[in-house]
Amino acid sequence: MKIQNIEIEKLREYCIEILSKSFMELGQKSNEEDLFSFALILADDLKRDFATLEIEDIKNAFRLGIRTTDDFHLNVKTYYKWIKTHRQIIWDNEKIDPEFIDKRLDYKNPRIGMQKIGNIKLLK
């Protein structure tokens, strides 16, 4: 779901989830008050500057940022860099044939995920 279509309260919940996981993965500690305040800032930034992205794009931007950069302290500058980098990857792959799309975007194409699984059928 695109960020522009998510109600602000739900977006804040997503932000708390993303930030909590990120802090844990980075080995940082955050108290509830700071986490909530940081989530408000992230939600506002997403609505203002990244409204056309999907929440899954943001989750993956954080995931890749944590795992592939030397940024080990989560702050606004860090997550802006991660999101902007991921957004550029998305933009660079918009007009590419599906079989040549960057593997970091596999989460956006369920058919690619199914190809990886092979003959195993998933039940919903």
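Sort the following peptides by mean Cβ neighbour count (other Cβ atoms within 10 Å, averaged over residues), highest first: 100-106, 82-88.
Averaged packing, sorted descending, gives the order 82-88, 100-106.
At what distance in angstrom do the alpha carbon centres of segment 79-97 and segment 8-76 lie from each other?
Spelled out, the Cα-based centre of one part sits 17 Å from the other.
Kindly flag which residue pairs out of K81/K108; K2/K29; K29/K77 have an alpha-carbon separation exceeding 26 Å in this structure.
Listed pairs above 26 Å: K2/K29.
Among K10, K59, rank each residue by its count of other Cβ atoms within 10 Å, from fewest to most, as a rough exposure measure.
Lowest to highest Cβ neighbour count: K10, K59.
Between D44 and D97, what length comes free when the chain is fully extended (0.36 nm per residue of separation minus the Cα-Cα distance, one decimal in nm)?
Full extension of this stretch gives 15.7 nm more.
Using the eigenvalues of the Cα gyration tensor, what equivalent ellipsoid semi-axes result for the chain when each is taken as the square root of five times the eigenvalue, whole Å, largest first?
Largest first, the chain gives 27, 16, 16 Å.
Since every read-out is calculated from the coordinates, none of them should be taken as a lab result. Note that the coordinates shown come from a computational prediction; the quantities given were computed from them, not determined experimentally. Methodologically, a virtual Cβ is constructed for each residue, glycine included, from the backbone with ideal geometry; neighbour enumeration extends over all protein chains shown.
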